[in-house]
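The values are calculated or read from the model by the stated rules, or taken from the named source; none is laboratory data. Just so it is clear, the structure is predicted and the values come from calculations on it, not from any experiment. As a convention, Cβ positions derive from the backbone with ideal geometry for all residues, glycine included, and neighbour counts pool all protein chains shown. Heavy atoms of the whole protein, side chains included, go into the accessibility calculation; ligands, DNA and RNA do not. Shrake-Rupley method; radii C 1.70, N 1.55, O 1.52, S 1.80 Å.
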Amino acid sequence: MTEENQLEKEGEIAADFIEEFLDLADLDGDLEIELRQERVYLTVSSEGESNLGKVSDPEIAQAIQEVTRLAVQAKTGEPSRLILDIGGSREAKTEQLKKLVEKVVKKVNESGKPEHLKPMSSYDRKLVHDMVAEAGLSSESEGQGRDRHIVVSKP
């Protein structure tokens with residue numbers, strides 16, 4: 001099976017899982033599946049009045065993403081790297097990360113000392129690395145597994 005076919009299958013399994021979740025939770029939402037950068041991106045959105053906001057908090061959406069990844073893995077036997085956005089949760093998470101990076105950049109610039117961030121997902125680490133680089137500082141990931149985190153320092 002080609003990688004694209006495998007990603008399509010992963011997207012379909014994830015979409016079925018999310019549709020069932022939305023039905024069980026009595027939530028309204030439309031699904032969109034996109035394949036890019038060797039990942040499945042699943043977006044749940046709604047127009048007009050919707051109760052999707054109940055699960056669009058970035059932390060809740062991330063938990064649902066992890067459960068969805070496990071559901072996909074149970075059916076395919078392979079780990080999933082799918083990205084789930086519920087009602088703009090990705091944008092909200094990116095804004096949270098921007099604020100965090102702004103604080104850390106200011107602190108590192110003032111003290112000159114490296115700052116260790118809390119552990120985060122690989123996707124969030126990638127976003128933070130990009131933001132830190134834009135701010136003119138250096139960053140690197142340290143640790144293993146769930147303890148993997150970023151250290152921000154002056155170049």
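Things worth noting here:
- Accessible carbon and sulfur surface of the chain relative to its total accessible area, %, 1.4 Å: 46 percent
- Per residue, in Å², the accessible surface of region 113-154 once ligands and nucleic acids are set aside, probe 1.4 Å: 61 Å²
- For the chain, a crude dipole built from +1 on the beta carbon of Lys and Arg and -1 on the beta carbon of Asp and Glu, taken about the Cα centre, is about 1260 debye to the nearest 20.
- Accessible surface for region 1-106, divided over its residues, is 61 Å² per residue with a 1.4 Å probe.
- Cα long-axis angle, helix 3-25 against the chain (0 to 90 degrees, to the nearest 10): 80 degrees
- Taking all Cα pairs closer than 8 Å and separated by 6 or more residues, the relative contact order of the chain comes to 17 percent.
- Length available on full extension from Asp130 to Asp23: 0.36 nm per residue minus the Cα-Cα distance, which gives 34.8 nm.
- The rule of thumb for compact globular proteins, 2.2 N^0.38 Å, goes into the C-alpha radius of gyration of the chain 1.18 times.
- Cα-projected label distance for Lys103 with Arg81, points at 7 Å along beta-carbon direction, nm: 2.9 nm
- Residue pairs, from the table Lys118/Lys154; Lys9/Lys118; Lys54/Lys126; Lys93/Lys118; Lys54/Lys75; Lys54/Lys106, whose Cα atoms sit over 24 Å apart: Lys9/Lys118; Lys54/Lys126; Lys54/Lys75; Lys54/Lys106
- Percentage relative contact order, region 62-147, counting C-alpha pairs under 8 Å, at least six apart: 20 percent
- Hydrodynamic estimate: the Kirkwood radius of region 78-155 over Cα pairs, inserted into Stokes-Einstein at 37 °C and 0.692 mPa s, corresponds to D of 249 µm²/s.
- Around Val105: net Lys/Arg minus Asp/Glu count, Cβ-Cβ under 12 Å: +2
- Computed over protein heavy atoms with a 1.4 angstrom probe, the accessible surface ordering of Thr43, Thr68, Thr2, largest first, is Thr2, Thr43, Thr68.
- With contacts taken as Cα pairs under 8 Å at a separation of at least 6 residues, region 17-61 carries a relative contact order of 30 percent.
- Between region 85-111 and region 41-56, the C-alpha centres lie 22 angstrom from each other.
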